[in-house]
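J.: Just passing along the structure, written as structure tokens.
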Amino acid sequence: RTTFACSALLVSAASLAQPKPVNVDISGERVGQESQTFLSAVGNWVVAEDGGRKVLLVDGREWKRGQPSVGLAEKARALYGARHEEFLDRVKAFAYFPITVAKGFDDFREGEIAMRFKLLDGQLDQCAGILFDLKPSGDYLTVRYNKKDVNVVLWTFNEGKRKFVKKGPEDVALPMKEWHALKIVVKGTSLTAYLDEKLYLEYTLPQPVSGKIGLWSKTDSVAEFDGFMVTPKAP
């Protein structure tokens, strides 16, 4: 009995130590308005409705000239306080890449970030991605799917320049106007990315990540996002 009790306590302790996924919920937000849960730094991001669910919609057609979102200075200040000017300068350099930042995740280092996306339109691009390692300087990383290129790619944005890092070895042409799942897993410097639960990318980062997270798109892409879920590493 003593052995059984000790085993039960160990199992219980292990269960308590397991990290719990955090769902970024926008179900209570107003359709047609900017989200209060995500802070949209670049591009036109609004809450929309799809099949009775609230989703986040990025509409690049409303933003083809590459202008940062309305109130960017105030939003940058909300994100980074006194360091917001450096962030502003860098983000303006990436004006063709819409980004929105999930509030409440100031320093994601290890764990999983998952979301669902539905590509709706886009003449130049049809993109959806996960934003991570966002710094006060405006530098960041993104893993994205592009329907035009039919692939999953890791990009780095550093000092005003976008740089290709690695492409998944397998091309995949996802159908438009259907929901798909994208997930990244970060363990130290190990990065893996999954599309519809299938592994598509593996990469060893030059250094561990540490920064804010969110969603990413490109140029005139029109896409919906749902089910943004963050599972931090167990303490």
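J.: Of everything in the range 173-201, what is touching a residue at least 24 places away in the same chain (Cβ under 8 Å) and more than 17 Å from Lys147 (Cβ to Cβ)? Give them in sequence order.
T.: Listed by number, the residues that qualify are Lys183, Ile184, Val185, Val186, Lys187, Gly188, Leu191.
J.: Continuing with the same structure: For the range 126-140, does any single residue satisfy the condition of being out of contact with any strand residue (DSSP E or B) (no Cβ under 9 Å at 6 or more places or on another chain) and not in a strand (DSSP E or B)?
T.: First pass over the range 126-140, keeping only residues out of contact with any strand residue (DSSP E or B) (no Cβ under 9 Å at 6 or more places or on another chain): none.
No: the range 126-140 contains no residue that is out of contact with any strand residue (DSSP E or B) (no Cβ under 9 Å at 6 or more places or on another chain) and not in a strand (DSSP E or B).
J.: A further question follows. State whether one or more residues within the range 206-215 are free of Cβ contacts under 8 Å to residues at least 12 places away in the same chain and in contact with a strand residue (DSSP E or B) (Cβ under 7 Å, 6 or more places away or on another chain).
T.: Keep residues of the range 206-215 that are free of Cβ contacts under 8 Å to residues at least 12 places away in the same chain, which gives none.
No, the range 206-215 contains no residue that is free of Cβ contacts under 8 Å to residues at least 12 places away in the same chain and in contact with a strand residue (DSSP E or B) (Cβ under 7 Å, 6 or more places away or on another chain).
J.: Continuing with the same structure: For the subset of the range 174-184 comprising residues that are closer than 19 Å to Ile130 by Cβ and open to solvent by 20 Å² or more (accessible area, probe 1.4 Å), which member is nearest to the chain's Cα centre (by Cα)? Show your work before the answer.
T.: Restricting attention to the range 174-184, the residues satisfying the condition of being closer than 19 Å to Ile130 by Cβ are 174, 178-184.
Checking which are open to solvent by 20 Å² or more (accessible area, probe 1.4 Å) leaves us with 178-179, 181, 183.
On the way: Glu178: 19, Trp179: 16, Ala181: 12, Lys183: 9 Å.
This residue is Lys183.
J.: Open to solvent by less than 10 Å² (accessible area, probe 1.4 Å) and over 17 Å from the mean Cα position of the chain (by Cα): is that true of Gly188 in this structure?
T.: Criteria not met by Gly188.
J.: Inside the range 37-59, can you point out the residues that are closer than 19 Å to Trp179 by Cβ and not aliphatic (A, V, I, L, M)?
T.: The answer is Phe38, Trp45, Glu49, Asp50, Gly51, Gly52, Arg53, Lys54, Asp59.
J.: Has the range 192-200 got any residue that is open to solvent by 20 Å² or more (accessible area, probe 1.4 Å) and part of a loop (DSSP other than H, G, I, E, B)?
T.: For the range 192-200, residues open to solvent by 20 Å² or more (accessible area, probe 1.4 Å) and part of a loop (DSSP other than H, G, I, E, B): present.
J.: Could you list, in sequence order, the residues of the range 154-173 that are part of a loop (DSSP other than H, G, I, E, B) and either loosely packed, with under 15 Cβ neighbours inside 10 Å or among the small types (Gly, Ala, Ser) (or both)?
T.: Initial filter on the range 154-173 (part of a loop (DSSP other than H, G, I, E, B)): 159-160, 168-173.
Matches in the range 154-173: Glu159, Gly160, Gly168, Pro169, Glu170, Asp171, Ala173.
The values are calculated or read from the model by the stated rules, or taken from the named source; none is laboratory data. The shown structure was predicted, so the numbers you read here are calculated from the model rather than taken from an experiment. Glycine also receives a Cβ, built like all others from the backbone with ideal geometry; neighbour counts cover every protein chain displayed. The protein model used for the area step is the full one, side chains on, heavy atoms only, and it has no ligands, DNA or RNA in it. Shrake-Rupley method; radii C 1.70, N 1.55, O 1.52, S 1.80 Å.
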